[in-house]
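Peer 1: Just passing along the structure, written as structure tokens.
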Amino acid sequence: MTSMQTPLHNITLPASVSDAGVVMREDKFRGHLNLRGNPQDAAFTDAVAQVLGVALPLAPNTSAEQGSTRIYWLCPNEWLLLVAEGTQGQVEADLRAALAHQHIAVTDLSSGQTLVNLSGAKLDELMMKSAVYDCHASNFPVGKVVQTTFAKAGATIYKCEDGSFDLVIRRSFSDYFFLWLKDASKEYGLSVI
Amino acid sequence: MLHIYCPYCEEMREEEEFSYAGEAHIARPLDPESLTDAQWGDYVFFRTNPRGLHHEMWNHAAGCRRYFNVTRDTQTYVIHETYKMGEQPSVTGEKP
């Protein structure tokens, strides 16, 4: 069996610092599934809730969480499902079985993107210079999901309960993302765990 | 930079997240075969270029990736309204 590599496999780690202002942790090999369907159709929403154990978030920029499964609202008929490592194939099969004969799409994006957690005392300053979106707590409550840009790369930003941000970034932009992060957090110190 | 309200995300977002997608409300002819070349050329190539109110499409490219309509003043850049696909503008500049 071939070993798996994350999109951030080839990054060059910054010199270690004792009191880093920004901490990056990659949530490696999470299952990423894109789900599309009609939210007005109760047969669709009920079946999805049955499989995932949690109802789809229908309001814009919201999310839902149940155990290791997290659902992001992406647009009125599209969601991103983040599931535990290695379970995406089973979840996809379960969804297809439950949604048979419905007008839906389930796509496995696990190898196309990755989940990165950013935290630290200087996180707000980092987000201020990286994202065009206002990531201040007054505008970005816990559980909110925003698709926007992080520097010049597209990112789906989620606010975690502990105040840190989870970013979904594309595999093809991961090198760029990390080089930007390293540069932007130079003045605060960056630690990768 | 423009601040644009996305009717799908229901939030004001920065212009950087959007891309312009041309004039709105251009209906594809139902029977293209019966059109003259001039009529077909008009549908494919020719657009209005008003000074003032313009109904146009934008794509929330870095966000929800939906297309929607914007009523914008081409002279002042004021955005009067944004509305979803399939809806009609409420600001048309015509006197009631």
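Peer 1: Restricting the first residue to the range A:46-67 and requiring it to be without any contact (Cβ under 8 Å) to a residue 60 or more places away in the chain and outside any loop (DSSP other than H, G, I, E, B), which pairs with a second residue that is of a type in the set (Val, Ile, Thr) and surrounded by fewer than 18 Cβ atoms within 10 Å (Cβ to Cβ) meet a Cβ separation below 6 Å and a spacing of at least six or different chains?
Peer 2: A:ALA64/A:VAL54; A:GLN66/A:VAL54
Peer 1: What's the number of the only condition in (1) open to solvent by 20 Å² or more (accessible area, probe 1.4 Å); (2) assigned by TED's automatic domain parsing to the domain that holds A:LEU167 that A:ASN117 fails to meet?
Peer 2: Failing condition for A:ASN117: (1).
Peer 1: Give me the residue from the range A:140-155 that is under 25 Å from A:ALA59 (Cβ atoms) and open to solvent by 50 Å² or more (accessible area, probe 1.4 Å) and, out of that set, nearest to the other protein chains (Cβ to nearest Cβ). Explain how you work it out, then say what you get.
Peer 2: Filtering the range A:140-155 for residues under 25 Å from A:ALA59 (Cβ atoms) gives A:140-150, A:154-155.
Narrowing further to those that are open to solvent by 50 Å² or more (accessible area, probe 1.4 Å): A:141-142.
On the way: A:PRO141: 13, A:VAL142: 17 Å.
Checking each candidate, the answer is A:PRO141.
Peer 1: Among the residues of the range B:59-96, write down those that are outside any loop (DSSP other than H, G, I, E, B), open to solvent by 20 Å² or more (accessible area, probe 1.4 Å) and not aliphatic (A, V, I, L, M). Please lay out each step first, then the result.
Peer 2: The initial filter retains those residues of the range B:59-96 that are outside any loop (DSSP other than H, G, I, E, B), namely B:59, B:67-73, B:79-84.
Next, from what is left, pick out any that are open to solvent by 20 Å² or more (accessible area, probe 1.4 Å): B:59, B:67, B:72-73, B:79-82, B:84.
Residues satisfying the conditions are B:ASN59, B:TYR67, B:ARG72, B:ASP73, B:HIS80, B:GLU81, B:THR82, B:LYS84.
Peer 1: Still on this structure: All but one of (1) closer than 15 Å to B:TYR67 by Cα; (2) open to solvent by less than 80 Å² (accessible area, probe 1.4 Å) hold for B:TYR20; state the number of the condition that does not hold.
Peer 2: Only one criterion in (1) closer than 15 Å to B:TYR67 by Cα; (2) open to solvent by less than 80 Å² (accessible area, probe 1.4 Å) is unmet by B:TYR20, namely (2).
Here is a yes/no grid of residues against (1) under 30 Å from B:GLU14 (Cα atoms); (2) more than 14 Å from chain B (Cβ to nearest Cβ):
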| site | (1), (2) |
| --- | --- |
| A:ASP46 | no, yes |
| A:ILE71 | yes, yes |
| A:PRO76 | yes, no |
| A:TRP79 | yes, no |
| A:ASN117 | yes, yes |
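Peer 1: I've got another one for you. So which residues in the range A:1-28 are open to solvent by less than 60 Å² (accessible area, probe 1.4 Å) and either in a loop (DSSP other than H, G, I, E, B) or farther than 25 Å from A:TYR72 by Cα (or both)?
Peer 2: Here is the first cut: in the range A:1-28, the residues open to solvent by less than 60 Å² (accessible area, probe 1.4 Å) are A:6-8, A:11, A:14, A:20-24, A:26-27.
Across the range A:1-28, the qualifying residues are A:THR6, A:PRO7, A:LEU8, A:ILE11, A:PRO14, A:ALA20, A:GLY21.
Peer 1: Can you find a residue in the range B:1-19 that is away from every other protein chain (no Cβ under 14 Å), modelled with pLDDT of 95 or more and not in a loop (DSSP other than H, G, I, E, B)? Can you show your working first?
Peer 2: Here is the first cut: in the range B:1-19, the residues away from every other protein chain (no Cβ under 14 Å) are none.
No, that holds for no residue.
The values are calculated or read from the model by the stated rules, or taken from the named source; none is laboratory data. Everything numeric in this text was worked out from a predicted model, so none of it was measured. All Cβ positions, even for glycine, are placed from backbone atoms using ideal geometry, and neighbour counts span all protein chains on display. Surface accessibility is based on the protein's heavy atoms, side chains included, excluding ligands, DNA and RNA. Shrake-Rupley method; radii C 1.70, N 1.55, O 1.52, S 1.80 Å.
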